[in-house]
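Read-outs: derived from the displayed coordinates by stated rules, not from any lab. A quick note: this is a predicted structure, and the numbers were derived from the prediction, not measured. Here Cβ is always computed from backbone atoms with ideal geometry, including for glycine, and neighbour counts include all displayed protein chains.
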Amino acid sequence: MSTDKLLKSNIYSFGSGGPRGSAPVLLGGQCRCGYVFFPMQAYGCEQCGNHGDALTPCELSTGGTLLAEAVVHLHADKNRPAPFTIVKVALDDGPVVRSVLAEDSAAVSPGQRMTARLVPVRSGESGETVLDLRFTAAI
Ligand SMILES: [Zn+2]
């Protein structure tokens, strides 16, 4: 079974290369001053304070470097079966993001080059299969 439905379409999307097999992109923003952030918001720039139309949406590459990782052995939400690994990644485009490591990823340690892809997961709310973003060790 396949799906093109994204679990969190407000923060990531299919790469411009097309829906299948292409690297996903993160939906971030950029300020007129050059500061890049994630996720997109219009409240204000953390660097210069500009807001409104000074902030424009932009697509960020998921390529980056692993800063830290931690295994979660027990989660309060029963829809999140443990164990799973949380990763903190410094994106090449600037922002630092926290996400989940793909289950089949090779072991990772800080300094590792990372990328992300979309994997099918069961939505806790609807029970349907949707695509969610997972980081994985870059080859
Ligand atoms: Zn700014």
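A few points about this structure:
- Cα pair distances of the chain binned at 10 Å [whole percent]: 12, 37, 35, 15, 1
- In this structure, the amide hydrogen of Cys58, modeled 1.01 Å from its nitrogen in the peptide plane, lies closer than 5 angstrom to those of Gly28, Gly29, Gln30, counting only residues at least 5 positions away or on a different chain.
- Loop-located trypsin sites (Lys or Arg not before Pro) in segment 38-123, at most 12 other Cβ atoms within 10 Å (DSSP): Lys78
- Where the alpha-carbon atoms of segment 41-98 are placed on the principal axes, they occupy 42, 25, 18 Å, in descending order.
- Share of Cα-Cα pairs in segment 60-124 lying beyond 16 Å, as whole percent: 48 percent
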